[in-house]
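Student: Just passing along the structure, written as structure tokens.
Read-outs throughout are calculated quantities, based only on the coordinates presented, and are distinct from any laboratory measurement. Just so it is clear, the structure is predicted and the values come from calculations on it, not from any experiment. Note that we place each Cβ from the backbone using ideal geometry, even for glycine, and neighbour counts take in every protein chain shown.
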Amino acid sequence: MEQKTNSNLRLGMTFMASIFFIFGFITNFNIAMKDQVQLAFTLSNFDAQLVNFAFFISYAVFSFLCGYIIKRIGYKNGVIAGLVLVAVGSYMFFPAVSALSYPLFLLAVFVMASGVVFLQTAANPYVAALGPQETAPARLNLTQALNGVATTIAPFLAGVLVLAPAILAIQGRATPADAAKFVQMPFIVIGSLVVLIAVGIAFIKLPEIKGDSTISSSSVFKKPQVWLGALGIFCYVGAEVGTASQIAPYLKDSGFLADAAVKLSAIYWGGAMIGRFFGSVLLSELEQSKKYQYSAYIMVFAFFVGWFITSANFVDGQFVFDSQPMNGVIFLGIAVVNFFLMLLGKGKANVALGIFGTVNILLIVAALVLPANIGMWGLLSIGFFNSIMFPNIFSLGVKDLDPSEMPLASGIINTLICGGAILPLVMGYFTDAVSAKAALSVSIIAYAYITFFALKGSKIR
């Protein structure tokens with residue numbers, strides 16, 4: 001019986017991992033195709049940004065409601081509902097692009113994003129509940145690592161499938177309407193893949209996560225750590241997206257060419273991926289020797305990631321590899337520092353979170369005071385130390401809750417993912433009014449709160 005239970009848990013984790021990959025890919029793919037959308041619909045820069053707004057505002061609109069719905073229909077059905085909405089949104093891109101209707105396109109983005117909200121709300125507590133509470137951060141870090149893989153490769157694939165055709169259109173070698181068609185196929189593929197996963201989840205037996213029926217879910221409203229954790233998620237997502245958006249302006253203001261700035265920005269997301277792999281290993285129940293062994297493999301992988309993402313490029317729609325092995329060495333060096341600081345966290349979610357929040361503040365300060373060719377590595381390194389923040393903030397925010405309280409708690413926390421829509425706007429205002437460097441003060445405030453939550457706020461009951 002125990003063996004069967006363990007098998008079900010592993011199967012559940014496998015499907016949850018695929019779901020985290022999907023919504024990570026969808027999120028960054030939508031962000032990465034902004035230029036193509038702008039071309040296809042002949043938009044201003046402001047109007048093109050509505051794609052991101054339509055995506056992230058869905059968290060504020062639906063997360064809380066999703067918590068109540070999942071409470072009634074269960075985690076498994078909540079995941080299926082989310083996948084169905086993602087598929088519907090994906091297929092809506094076809095008529096939207098065919099008719100070159102931007103309002104319909106934004107509606108498709110919103111519907112797809114609402115499905116992602118369902119997945120976020122259901123999947124995070126489900127993963128946390130699929131095993132001992134002590135190892136919940138490790139499981140969440142593993143799924144977030146796969147999410148990080150998706151967020152790293154999505155812009156690359158967007159360049160191949162979407163942006164390269166857009167460049168041809170800009171150069172007069174294709175019409176905007178022809179370029180727009182390239183938006184359709186990726187989303188048809190995404191929709192079809194999501195349908196297959198939904199069918200698979202519907203027909204397999206997954207463990208049921210049941211709570212104490214005598215506990216009212218409304219008791220969550222009286223749990224300070226949930227609200228403080230939700231504010232932590234607001235600060236984290238806002239700082240992550242906002243800091244990433246400031247890398248290119250920071251580099252351009254410092255004299256870097258636009259294409260070099262974009263290429264170097266890829267390091268930020270690659271670092272988040274590597275850091276999450278470290279987190280999934282070091283926060284697990286593996287033997288210490290195994291942790292070191294797997295971490296060594298991750299470091300080798302880190303070198304190749306840093307080397308590849310700064311060397312690969314597209315010129316005139318063609319793949320070009322301009323080898324930059326030194327960037328791989330620097331990326332590896334940052335990974336080693338990330339590893340040892342994570343060890344310093346001693347496998348405790350709050351300690352590791354506090355260390356990483358403090359480190360990110362210091363990295364931003366370094367970017368502000370050091371010459372740009374050195375300070376830029378401060379900003380680029382932040383991705384590494386963002387890596388474990390979401391799963392650790394989430395696990396601390398829902399710690400000691402009964403499973404019956406989890407859906408509503410997850411809904412409350414995920415509502416404030418809308419920080420990804422709000423804080424970048426604030427930073428954009430400061431960039432226009434003062435400078436890209438001045439805007440980074442917003443991230444400093446956000447990381448300061450995260451550090452407070454880790455060391456003090458998460459303990460308030």
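Student: Could you give the size of the charge dipole of segment 218-461 about its Cα centre, using +1 on the Cβ of each K and R and -1 on the Cβ of each D and E, expressed in debye and rounded to the nearest 20?
Tutor: That gives a dipole near 760 debye.
Student: Starting with the fewest neighbours, write out R72, R139, R276 ranked by other beta-carbon atoms found within 10 Å of each beta-carbon.
Tutor: Numbers: R72 9, R139 25, R276 29.
Listed from fewest to most nearby Cβ atoms, that is R72, R139, R276.
Student: Same structure again: Among the listed pairs K76/K399; K76/K223; K252/K348; K222/K348; K290/K456, which have their C-alpha atoms separated by more than 29 angstrom in this model? Mind showing how you got there, number by number?
Tutor: Numbers: K76/K399 21 Å; K76/K223 25 Å; K252/K348 39 Å; K222/K348 25 Å; K290/K456 32 Å.
Result: K252/K348; K290/K456 exceed 29 Å.
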